[in-house]
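The values are calculated or read from the model by the stated rules, or taken from the named source; none is laboratory data. Here the structure is a predicted model, which is why all the values come from computation and not from measurement. So basically every Cβ, Gly included, is an ideal-geometry build from the backbone, and we count neighbours across all protein chains shown.
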Amino acid sequence: MKFIKNHLMFILPLMAILLGIEFYLVFDRTTNSYEKGLKEGYSMLVVTKKPMKLSMFQALNRHISSSEKIKRENIVSEIAKGVSKNSNKEILAALPYFYNVRLDSYLSTSGLEKIKTDLEKDKNVKKVETFGSSYSSSYRLFSFIKFTLKLFIVFMGVVSLFLIIKQMEIWKYAHKERMQVMEIFGAPLMLRSGVLFRVAIVDAFLATLLTTAIFLYIKFQWAANSGIDIMMQNKTELFKMTDIAILLVSALFIVIIAVYSVVFSSKGVEE
Amino acid sequence: MSNVINAQHLTLAYDGGAKEIIKDASFTIKKGEFVFITGPSGSGKSTLLKALYGALKPTEGSLVVGGLDLASVGQSKLQELRTHLGIIFQDYKLVNEWSVAKNVVLPLMIAGYSVDVQNTQAQRLLKHVKLSEHADKYPLELSGGEQQRVGVARALSKNPVVILADEPTGNLDDYSSNVIWDLMENACQQLDTTVLVVTHKIPTIFSLPYRHFIIESKGVYEVH
Ligand SMILES: Nc1ncnc2c1ncn2[C@@H]1O[C@H](COP(=O)(O)OP(=O)(O)OP(=O)(O)O)[C@@H](O)[C@H]1O
Ligand SMILES: [Mg+2]
């Protein structure tokens, strides 16, 4: 019973850290595609007097990654139904040119305003519509959620680390006597601390296994049946098999650091 | 014959030098000698042994054991030296979560002997100290005197070059004490082991020549 409790006291905080790491990985992956979607779905509308090429836009601001001319014929045919072919041409000649302009990165509202003023410096440009408000509100909400989650994960990690160190001190106390006797008889460090390393490494594997199980459950049971679109679409992003390696390496790293700290602080038999 | 132990103007102290226990002691002990150390309680007998196995560094002077200057020896050299010592502690220092047999063969385990060798040796040694039937028990299931004999068996298990024994018969009746003295005499006589024994009572029947040191008022004196 005490044995199980001792292990749980070590495995649970370790799992908390691993869950944090995995949540971070998953969040980063799913939101990367979401962020990409936001970015790619976004374009500004630029109205010009004369036709302009992409390079001309890019000369005005380097964040512009593509420009697409909107077919004026479609606009004209919509507004000039039943008008004669000749007047149709006149309307067409009087109309300015419309462009959908896309950006190379996700910019803040002030970044968008900068592009707007840059573009308007050109005499040719009649009007720029950034659609800034709807763009920035989803962007801000997104950034806020991302920041809060990261903060939470870091906080959880720190608390867990303290719990692990606490548990390590209990271990140290439990193993101190044996390690000191072995030291007096000339046992090398690795032999003295062998049991600690074995226990810690077994716990690292267990914690990794449990964390993996939780995420596999989320991936194949919960997410698949959740009815949440973003979850179901990003199912493959939820847990990748390579994550097991990342988690295991992290867990081993943490426990080895923890064991070393115990081993070195119980050095010396001088009372 | 060469000196196994050489102390020159040795001073030992606790609390960072503030609490002097032994001051300016000089003595040498040769290979194969048998030495009894006596002295009043609290005079520093255990402290001297502690210094001899390198757990208390000299505050002043030099202490050379097996050719190593313990004032300046590095961790790995000290580790090596300790594998050649057979130490018996006043408070036994057994590992309570290990069986008696496992405790006895700790030095063999550290030296990397196979489990087979360890098992045979454990049986042989426990027979010597009359504890064969307790091999699979744990130290806390034994009496004080029995635990003490486990400590003796452990110290002898790898035929050490030097035995450092702190009151090895402190908890034993005359019969058991004589068993222990016989074992030590044999080691000294047959394997040329150097033996230092702290005791409050030098055995009346003792067949080997021996030296006798007294520790008193911070000094180490030899009785002739
Ligand atoms: N770790 C320590 N820190 C400070 N003082 C200590 C320490 N260990 C022992 N002493 C002190 O050093 C003195 C000598 O102790 P030591 O254990 O060497 O005596 P001893 O001769 O072995 O006595 P006994 O016959 O009772 O075993 C004592 O006064 C003791 O209080
Ligand atoms: Mg003592």
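Here are some notes:
Yes/no per residue for (1) over 24 Å from residue A:30 (Cα atoms); (2) assigned to a helix (DSSP H, G or I); (3) within 14 Å of chain B (Cβ to nearest Cβ):
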site	(1), (2), (3)
A:179	yes, yes, yes
A:205	yes, yes, no
A:223	no, yes, no
A:242	no, yes, no
A:251	no, yes, no
A:254	yes, yes, no
A:263	yes, yes, yes
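- If the condition is being out of contact with any helix residue (DSSP H, G or I) (no Cβ under 6 Å at 6 or more places or on another chain) and more than 7 Å from chain A (Cβ to nearest Cβ), then region B:100-110 contributes B:102, B:109.
- Per this entry, residue A:163 is counted among residues that are at pLDDT 85 or above and of a type in the set (A, V, I, L, M, F, W, C).
- Subset of region B:79-116 that is within 22 Å of residue B:5 (Cα to Cα) and of a type in the set (A, V, I, L, M, F, W, C) - its residue that is nearest to ligand 1 (Cβ to nearest atom): B:89
- Residues of region B:79-93 that turn out to be surrounded by 18 or more Cβ atoms within 10 Å (Cβ to Cβ), more than 14 Å from the chain's Cα centre (by Cα) and either under 21 Å from residue B:195 (Cβ atoms) or among the aliphatic types (A, V, I, L, M) (or both), as a count: 0
- Those residues of region A:214-223 which are within 15 Å of residue A:23 (Cβ to Cβ) and either surrounded by fewer than 17 Cβ atoms within 10 Å (Cβ to Cβ) or out of contact with any Phe, Trp or Tyr (no Cβ under 8 Å at 6 or more places or on another chain) (or both), in sequence order: A:214, A:216, A:217, A:222, A:223
- Hits in region B:56-78 - residues which are among the aliphatic types (A, V, I, L, M), surrounded by fewer than 20 Cβ atoms within 10 Å (Cβ to Cβ) and either within 12 Å of chain A (Cβ to nearest Cβ) or within 16 Å of ligand 1 (Cβ to nearest atom) (or both): B:78
- Qualifying residue in region B:35-54 (condition: in a loop (DSSP other than H, G, I, E, B) and within 13 Å of chain A (Cβ to nearest Cβ)): yes
- Within region B:19-57, the set of residues being in contact with a Ser or Thr (Cβ under 7 Å, 6 or more places away or on another chain), more than 23 Å from residue B:84 (Cα to Cα) and away from ligand 2 (no atom under 16 Å from the Cβ) comprises B:20, B:23, B:24.
- Residues in region B:136-147 that are surrounded by fewer than 18 Cβ atoms within 10 Å (Cβ to Cβ) and either at pLDDT below 95 or in a loop (DSSP other than H, G, I, E, B) (or both): B:136, B:137, B:138, B:143, B:144, B:145.
- Only one of B:96, B:103 that is of a type outside the set (A, V, I, L, M, F, W, C), on the phi < 0 side of the Ramachandran plot and outside any helix (DSSP H, G or I): B:96
- Applying the criterion of being more than 8 Å from chain A (Cβ to nearest Cβ) and touching a residue at least 60 places away in the same chain (Cβ under 8 Å) to the residues of region B:86-99, the residue that is farthest from residue B:156 (Cα to Cα) is B:90.
- Yes/no for residue A:200 being at pLDDT 85 or above, among the hydrophobic types (A, V, I, L, M, F, W, C), buried (at least 18 other Cβ atoms within 10 Å of the Cβ) and part of a helix (DSSP H, G or I): yes
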